[in-house]
Every structure is written in C-alpha cells, then in structure tokens.
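Heads up: the structure comes next, in structure tokens.
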Amino acid sequence: MIRFFARGQADTGRPVRAARRTTFRRWITGGERGSAIVEFHLLGLLLLVPVVYIMVATLDVQRSSYGVTQAAREAGRLYVVTGDLSAARQAAAVALRDQRLDAGDVSVNVTCPAAPCHRPGTEVTVTVHTEVALPLVPDVLAGVAHTRIPVTATHVAVVDRYRPAS
C-alpha cells in the first residue's frame, strides 16, 4: 500500500488524500494565478452596471422634477404680474429648456377660483405635468412595463392686493 504524506509531516499512519488532490488539480489546471483579478473585475462589472443605470434614471427624474418645479413657479409669477397666459407659458418653456426638457411634452394649466382671474387678492394655481421616460428602455416594452414616470409640480401665486383692478 502506498501512502501519501504532506510535506514536513512524519508518518502518522494516516493517508493525506486532500493534499494529493489539491496538488493534482494545480498540476492539471496550471494553478490559480491571476484568477482573483478576473473574478474581481467580473463581479465589479456585474454590480456596477445596475448601480450606474439606477443612478442615471434617478438623476433624470430629479432633473425633470427641478425643471417642472421651476416652470410652475415662473409661469405663476409671470401670470400674476402680467395677466398674460401666453407669456406665462413662454416663461415655463424657458425654465424647462434650462433643464433640457422638451416643452412640447409638458402641460401647463393655470386655474383660479374667481371668474376674473386677475383681480387683486386672487390665488392663481399653476400646475405643470410631464412624464419622464426611463433611459435605454426600448419602445417595445412601453405597453408591458411602466417605462414612464409622471412628474407634477403645483405653484400657488397671489395677485397683489394693491394692484389696480384691470
């Protein structure tokens, strides 16, 4: 009977098969040199790509939120000062372009409770709504999954009390 011993061990009467298998595997596979760096890069890519995608999608929604909020504020302020709805929509479009949003995809609604909307003391409510498409999602999935995130902002502005009635 042939017995295998680990290096530096005396003959204890027990065969050392685990050491023989490990040595045989290293001899067959050529060792494990360099495999840790490959595993590190592979796992890094597998974990980094989803994290980057989530960050890009979140930042895109946040950018749209900033643009819609600023558009509602500017449209409300300009409408209260001038009483011109087209000028208010133009101010909203400028605020949206500042955040690189397409003004054609955005709805701007101006409402007020009183019939003449531009009376002193009247509260004017401006609502701006858009939907943000998730990045890198094909149009084929548009009907199957939720690929658009709704973003809405509301601003309430008050017509100055000391403004002369028009």
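The values are calculated or read from the model by the stated rules, or taken from the named source; none is laboratory data. These numbers come from a predicted model, not from an experiment. Methodologically, a virtual Cβ is constructed for each residue, glycine included, from the backbone with ideal geometry; neighbour enumeration extends over all protein chains shown.
When the residues of segment 113-166 are filtered to those that are of a type in the set (D, E, K, R) and at pLDDT below 80, which remaining residue is farthest from Leu78 (Cα to Cα)? Steps first, answer last, please.
Narrowing segment 113-166 to residues of a type in the set (D, E, K, R): 119, 123, 131, 139, 148, 160-161, 163.
Subsequent filtering for residues that are at pLDDT below 80 retains 139, 163.
Details: Asp139: 37, Arg163: 14 Å.
Within segment 113-166, the match that is farthest from Leu78 (Cα to Cα) is Asp139.
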Q) Looking at this structure, is Ala88 in contact with an Asp or Glu (Cβ under 7 Å, 6 or more places away or on another chain) and either closer than 14 Å to Thr127 by Cα or assigned to a helix (DSSP H, G or I) (or both)? A) no
Q: Check Val140, Val124, Val61 and return the single one that is within 30 Å of Val49 (Cα to Cα) and touching a residue at least 40 places away in the same chain (Cβ under 8 Å).
A: Val61
